[in-house]
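In what follows, a structure is listed as structure tokens, so that the remarks can point back to it.
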Amino acid sequence: TTHKLLLLPGDGIGVEISREVERVIAILNGKGGPNSFEVERDLVGGAAIDAHGVAITEEAMAKAKTADAILFGAVGGSKWDDVPYEIRPEAGLLRLRKDFDLFANLRPAICYPALADASSLKRSLVEGLDILILRELTGGTYFGEPKEIVALENGQKRGVDTTIYTTSEIERIVKVACDLARKRSGKVHMAAKWNVMKTGVLWRDVTVATHKDHAPDIELELIVADNCAMQLIRNPKQFDLIVTDNLFGDILSDEAAMMTGSLGMLPSASLGAADPQTGRSKALYEPVHGSAPDISGQGLANPIAMIASFAMALRYSCNMAAEADVIETAIAKVLDNGLRTADIMQNGLTKVGTEEMGKAIAAEIETALA
Ligand code: IPM
Ligand code: MG
């Protein structure tokens, strides 16, 4: 099988970490196994704005449409602070999510044993941590209309964002949560604010009903989103899978990421509904971190989240779970060997840059596949 990948490095460190993922892809291609990869590349975000005046072109969207998986780096940076909101770098990412209906965003936060001391939480709280945040990605505050700033007669302005969810949008993500939980601990937390928000009331009611009809074997616990944020810091290991809306998921996943030692560690997968004909889902894989303009271009960025995102692509889009395991094991090994990028550096260990980290992981993969 030849898997078609579209690589969209984007801006800032997205470009640097994408080179390291290409290194890993080249190794797998060099093995001459039954699976190979065809990689197309294009611009997204600020880079696309500079070249074409839009955050993603129609040509890039067409390539994305035919790709088996999209590998996305990161977008944004202060260089584009003054471009109009509709054109801004993030619009490229949001268009990919929305146009391909990538509603299920899986954000695993796994604490590698070697990094338990790099977290800002105590070792005892994060050691062995393995949480999955399942974020609804195509609805809610991100896309609800009206979304505007209007001038008022009294000279003031009024900013409006609208949070909208329908029954089916909640039902489909809760079903995904229950299906994933069945392969994990069998327990789901649903975080929403039904004490303040009407969408929260709907999330609670639809979740309870979906659980009852679809997955009574799963243990369901409802949690108010702010309490969830607090409990994540207090005792993260009480959670296994948290399903939540687009905005809460954005925030809670950054929080969960930091428990693993660094935002530079966290991969993600954004999946659409399965095609009724082929059974395959449209999918985009990206690190949870951003373009980190402060360190970009210096070879300092941690490529692990990007490489781990490719491992997720192998697992969910390419039916290559064994190779995904090899990559994840290679990452753990390199960390065990004491290699650290600046974001996860600890006393007495070996500080390396993006390329050195990428090469070390690539070497472990080579050895494992030899
Ligand atoms: C994320 C990011 C994006 C989001 C930005 C870049 C638009 O923070 O994927 O978590 O807010 O969804
Ligand atoms: Mg975010």
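With ALA74, ALA91 as the choices, which residue is modelled with pLDDT of 95 or more, in contact with a Pro (Cβ under 7 Å, 6 or more places away or on another chain) and within 16 Å of ligand 1 (Cβ to nearest atom)?
One residue alone meets the criteria, ALA74.
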Legend entry - Verdict on ILE251 being more than 20 Å from CYS178 (Cα to Cα), within 16 Å of ligand 2 (Cβ to nearest atom) and at pLDDT 95 or above: yes
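Listed here are the residues, each with its yes/no results for (1) of a type outside the set (Gly, Ala, Ser); (2) modelled with pLDDT of 95 or more; (3) under 30 Å from GLY92 (Cα atoms).
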residue	(1), (2), (3)
ARG135	yes, yes, yes
ALA151	no, yes, yes
GLY155	no, yes, no
VAL174	yes, yes, yes
LYS187	yes, yes, no
ALA191	no, yes, yes
Residue pairs within 6 Å by beta carbon, gap of at least six or interchain, first lying in the range 121-150 and without any contact (Cβ under 8 Å) to a residue 24 or more places away in the chain, second aliphatic (A, V, I, L, M) and open to solvent by less than 10 Å² (accessible area, probe 1.4 Å), listed first then second, are ARG123/ALA116; GLU127/ALA116
By residue number, the members of the range 177-213 that are surrounded by fewer than 18 Cβ atoms within 10 Å (Cβ to Cβ) and within 19 Å of PHE103 (Cα to Cα) are ASP179
Q.
Among the residues of the range 295-309, are any out of contact with any strand residue (DSSP E or B) (no Cβ under 6 Å at 6 or more places or on another chain), among the small types (Gly, Ala, Ser) and closer than 15 Å to GLY261 by Cα?
A. yes
Counting only helices (runs of 4 or more DSSP H) wholly inside the range 1-88, the ones holding at least 1 residues that are under 18 Å from the mean Cα position of the chain (by Cα), surrounded by 17 or more Cβ atoms within 10 Å (Cβ to Cβ) and not aromatic (Phe, Trp, Tyr) are 13-30, 58-66
Counting only residues in the range 270-292 that are touching a Lys or Arg at 6+ places or on another chain (Cβ under 8 Å) and touching a residue at least 40 places away in the same chain (Cβ under 8 Å), the one nearest to ligand 2 (Cβ to nearest atom) is identified as VAL288
A careful count of residues in the range 329-351 that are open to solvent by less than 60 Å² (accessible area, probe 1.4 Å) and closer than 29 Å to GLY33 by Cβ gives 6
Per the filter on the range 259-304, residues of a type in the set (Gly, Ala, Ser), open to solvent by less than 40 Å² (accessible area, probe 1.4 Å), touching a Leu at 6+ places or on another chain (Cβ under 7 Å) and modelled with pLDDT under 95 are GLY261
Filter pass, MET230 being open to solvent by 60 Å² or more (accessible area, probe 1.4 Å) and either of a type in the set (A, V, I, L, M) or within 15 Å of ligand 2 (Cβ to nearest atom) (or both): yes
* Asked: Any residue in the range 115-130 that is surrounded by fewer than 22 Cβ atoms within 10 Å (Cβ to Cβ) and either under 15 Å from the mean Cα position of the chain (by Cα) or in a strand (DSSP E or B) (or both)?
  -> yes
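The values are calculated or read from the model by the stated rules, or taken from the named source; none is laboratory data. Quick caveat, the model's predicted, so the values are computed rather than measured. Using ideal geometry, Cβ is built from the backbone for each residue, glycine included, and neighbour counts are taken over all protein chains shown. In case anyone asks, the SASA skips ligands and DNA or RNA and just uses the protein heavy atoms, side chains included. Shrake-Rupley method; radii C 1.70, N 1.55, O 1.52, S 1.80 Å.
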